[in-house]
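S.K.: Attaching a single structure in structure tokens format; questions to follow.
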Amino acid sequence: MFKSTRKGHMFILCCTVIVMVVFIYIIHINFSQLSNFHFINVKSHLAPACGYSGYMTTESKTIDQQIAEIMTLMNCTIPQKDTMHFNETTSAINSKAILLSYKPNYCLGDTLIVQVEMFNYLGKRKTYGGDFLQARIFSPKLGAGASGRIKDFNNGTYHIYFTLFWKGPVQISVLLMHPSEGVSLLWKGRNMGYNYIRFTGKFLNKNQEVQTECGFYLNSQQEKCKYVDRRYREVFYCIKLPEVPCEAFISLNSENTRYTYLTNANKTLFSKSNIGIEIPKQVESIDVLNCSNLKFFNTHNPGIYCVAFDLQNNIYIQSKKHGHPFVISRFYNVKDHAYIANELDQVAGGSNTIVVVTVGQHFRPFPFPLFIKRLLNIQRAIKSLFLRSPHTKVVIKSENTREINPNVERFSDFHGYIQYLLVKDIFSGLNVGMIDAWDMTTAFGSRNVHPGEDIVKNQINLFLSYIC
């Protein structure tokens, strides 16, 4: 917690940071204008044809009903095209990106529109959408970048909208991360069950440590220890060892299993040579000028990773990892476990309190209902926090992109992108700020689950300058 005892001292925040892997991004936010934040929803990105205009929870629905409704809406957005021959899938090399309304020079603040037309390996035009694209503009010498907003027309054509935030030469990049057929496979595999990750729990049996299988679902007739958060109905299990009490649970670790939903033919779509392929462009770069008639644009520069406390100014920042699933190979003390919603229930709040919440990467190997339930519980806890302390400021940080991992079933950025959209959608009705780490790491072309030190350092300086 941050507290300041000096009268007239700088504005100090109390920051409870509940982290997923490491909290590495904060954006420069004007909290007095939180109500003006623009939020997007899952459906507006993936399939407007589903007739969805944003998800809002109501008190009359149970959490299971809310999860089922969201899953139904999400399923409508995913292409059901997973049984085609490889040559009939989207080919980045055969596709093309065309700059609409090209002109020799552009002005600062202009909108750049790129049209992408998709073809398969046979050279035939695609007639449906659902491809997973990542698009950005960037200037390497300036270290500047911005992601693009993608509109899927569901007929093989996409429009990508870029805002030109800086002047000088600007390059364009459009990557095909996964074809729509691969997206369909990843969606199905993600929801097949809890088989991708194996948890092992350690228990203390008198003076000896013993181990047993744990998880969200255990296909076993053996007696189980059931660990329930009664308020938020989060449940975790371990196979009960003979004569070892459930209360003797001391630590937990996890590992990837050999389970795969993909056939050998399916896996060809996810070889490294088929992930993140650049789509050929009609124009490689453009020139942006500081024209006399354009307005100043705020690029919302990034800020701080909370890791320290300041004894001189009596500032304290608390950082905690979220509860199960925390995917890590080494054992960690389960007494450090805490669901984010429970942590939020312990926050007194106040005008000098800021809560930053981020959750995502560790949920990628598990079915979406688990992630949706966690978000709904966090949403509920935030609502309760605002009831008892309406002046508390809450910021939600999205997850970021990561390495192109050959283990796409568990860790593909497709899973992260869906989770990113869910986060923005489920919290859109609350007076919270959104730190768009996905947008930032896409813009900078980051392929690291822990983005570079230079980026983090600049974010720290910018955020502290804004706070002070």
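S.K.: Step through the residues of the stretch 158-172 one at a time and calculate ³J(HN,Hα) from phi using the Karplus curve (6.51 cos²θ - 1.76 cosθ + 1.60, θ = phi - 60°), rounding each to whole Hz and writing x for Gly and Pro.
M.R.: Taking θ as phi minus 60°, the curve returns 10, 10, 10, 10, 10, 9, 8, 8, 9, 9, x, x, 10, 8, 10 Hz for the stretch 158-172.
S.K.: Determine the order of 246, 76 by accessible area, beginning with the largest, at a probe radius of 1.4 Å.
M.R.: Accessible-area ranking of 246, 76, largest first: 76, 246.
S.K.: Top to bottom by accessible area (1.4 Å), largest first, where do 110, 439 land?
M.R.: 439, 110
S.K.: Could you order 283, 228 by accessible surface area, starting with the largest, using a probe radius of 1.4 Å?
M.R.: Largest accessible area first, the residues go 228, 283.
S.K.: Given labels modelled 7 Å from the Cα in the Cβ direction, how far is it in nm from residue 267 to residue 283?
M.R.: It is 4.4 nm.
S.K.: Need the list of lysines near residue 103 for cross-linking: C-alpha distance under 16 angstrom, and skip anything on the same chain fewer than eight residues off.
M.R.: In chain and number order, the partners are 167, 281.
S.K.: Right, here's the next one. Using a Förster distance of 41 angstrom, determine the FRET efficiency expected from the C-beta separation of residue 250 and residue 105, and round it to 0.05.
M.R.: 0.05
S.K.: Which FRET efficiency, nearest 0.05, do residue 124 and residue 208 yield, Cβ-Cβ r, R0 51 Å?
M.R.: The value I calculate is 0.20.
S.K.: With every protein chain present, what accessible area does residue 417 have (1.4 Å probe, heavy atoms only), rounded to the nearest 10 Å²?
M.R.: 40 Å²
S.K.: Taking the Cα-to-Cβ direction at residue 71 and at residue 333 and moving 7 Å from each Cα, how far apart do the two end points lie in nm?
M.R.: 3.6 nm
S.K.: Mind listing which GluC sites (Glu not before Pro) in the stretch 120-227 are in a DSSP loop and have 14 or fewer other Cβ atoms within 10 Å?
M.R.: 223
S.K.: Same structure, new question: Whole angstrom only: what separates the Cα centroid of the stretch 139-183 from the Cα centroid of the stretch 200-234?
M.R.: Distance between centres, Cα-based: 45 Å.
S.K.: I'd like the accessible area for residue 111, computed on protein heavy atoms only with a 1.4 Å probe and all protein chains in place. Round to 10 Å², please.
M.R.: Using a 1.4 Å probe on the heavy atoms, I get roughly 80 Å².
S.K.: Let me ask something additional. Taking the Cα-to-Cβ direction at residue 260 and at residue 113 and moving 7 Å from each Cα, how far apart do the two end points lie in nm?
M.R.: 4.3 nm
S.K.: Where Lys and Arg each count +1 and Asp and Glu each count -1, what net charge lies around residue 154 among other residues with Cβ under 11 Å from its Cβ?
M.R.: Counting the neighbours of residue 154, the net charge comes to 0.
S.K.: Right, next: Please give the solvent-accessible surface of residue 327 in Å², to the nearest 10, using a probe radius of 1.4 Å with every protein chain present.
M.R.: Roll a 1.4 Å probe over it and residue 327 shows about 40 Å².
S.K.: At a Cα cut-off below 13 Å, give the aspartates and glutamates reachable from residue 320, other chains included and same-chain residues fewer than 8 away excluded.
M.R.: Qualifying aspartates and glutamates at Cα under 13 Å: 336, 343.
The values are calculated or read from the model by the stated rules, or taken from the named source; none is laboratory data. The structure displayed is predicted, hence computed values, not measured ones. Don't worry about glycine lacking a Cβ; one is built from the backbone with ideal geometry, like all the others, and counts go over all protein chains shown. Remember, those area values only see protein heavy atoms, side chains included, never the ligands or the DNA or RNA. Shrake-Rupley method; radii C 1.70, N 1.55, O 1.52, S 1.80 Å.
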